[in-house]
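S.K.: Encoded as structure tokens, here's the structure I'll be asking about.
Just so it is clear, none of the values below were taken in a lab; they were calculated from the coordinates. Owing to the predicted nature of the structure, the values given are computational and were not obtained by experimental measurement. Every residue, glycine as well, gets a Cβ built from its backbone with ideal geometry; the counts of neighbours run over all protein chains shown.
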Amino acid sequence: MNEQANRSLEALKNTASGETVASALSLAIHEHRLAPGTKLGEDEVAEIFGVSRTVVRAALQALAHHQLVDIRRNRGAFVAQPSLREAREVFEARELLEPRTAKSAAMRATPDDIDLLKRHIVDEHAALDAADQGRALRLSGLFHIEIARIADQATIAGFIEALIARSSLIIALYWRRESALCESFAHHALVGAISEGNSQRAEELMRSHLVDLHSALDLRDRPNPPRSLRDALRP
């Protein structure tokens, strides 16, 4: 094999390794095993996955493109921390987009689509029963992404997938209600409306569901914390 072919093969391996690392980090972020603000040191990540820093750097760049990671000059990479303003905007955008996709999904869903949505709910319940809230949250997000896919609106589905990725980080930071991550009755009701082809009902249920999720976030503005111990202890 000539030198050019060797370089091409090595580049292909690095790409594959980079995708593997990016996928593993993304999963850990969505399942809240990596909290917002966690530093992702290149050396440490490279050691964990047994890859080069070049591969890690490519993976982090890919995650930064999807807004899951912030890369700060001279400081490194960190799991992204959405602001209060962004948190509000993300859920407001979801409230605008997803009811329409639910309506379209109800008009297009096949029996196989309905079966897939029902399996998502079963898996989500299993995760909740196992007290694995991170996995339940990820499955809940996938449920919403699947509805967007069924709606057969690729551009909007891409927007929704990006918004749901941000939602995972937002929930990790601002969730204030422990009782339910996408309450089971809401998903059951949505599947029922979609399976019946009741597009108006599906639209209404999705809007109500997202408003409820939004209300479960603590998005109140807070004063900036003291800059020093002296400031904190000042009467």
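S.K.: Please state the relative contact order of the range 102-160 as a whole percent: Cα pairs under 8 Å, 6+ residues apart?
M.R.: In percent, rounded to a whole number, it is 46.
S.K.: Can I ask one more? Multiplying the sequence separation of MET107 and HIS188 by 0.36 nm and subtracting their Cα-Cα distance, what value in nm do you get?
M.R.: Once the chain is fully extended between MET107 and HIS188, it gains 27.4 nm.
S.K.: For Cα pairs less than 8 Å apart in space and 6+ apart in sequence, what is the mean separation divided by the residue count of the range 7-79, i.e. the relative contact order in percent?
M.R.: So the answer I get is 36 percent.
S.K.: Here is a follow-up. Using a 7 Å offset from the Cα along the Cα-to-Cβ direction at both ARG176 and LEU142, what is the distance between the two label points in nm, to one decimal?
M.R.: Result: 3.1 nm between the two label points.
S.K.: Mind putting a number on the dipole of the range 70-159 about its Cα centre? Charges go on the C-beta only, +1 for Lys and Arg and -1 for Asp and Glu, and I need it in Debye to the nearest 20.
M.R.: Using only the charged Cβ atoms, the result is roughly 440 debye.
S.K.: Could you check the simple spin-label distance between ALA162 and GLN61, using points 7 Å along Cα→Cβ, in nm with one decimal?
M.R.: In this crude label model, ALA162 to GLN61 measures out at 1.9 nm.
S.K.: Stretch ASP212-GLU86 to full length: gain in nm at 0.36 nm per residue minus the Cα-Cα span?
M.R.: 43.6 nm
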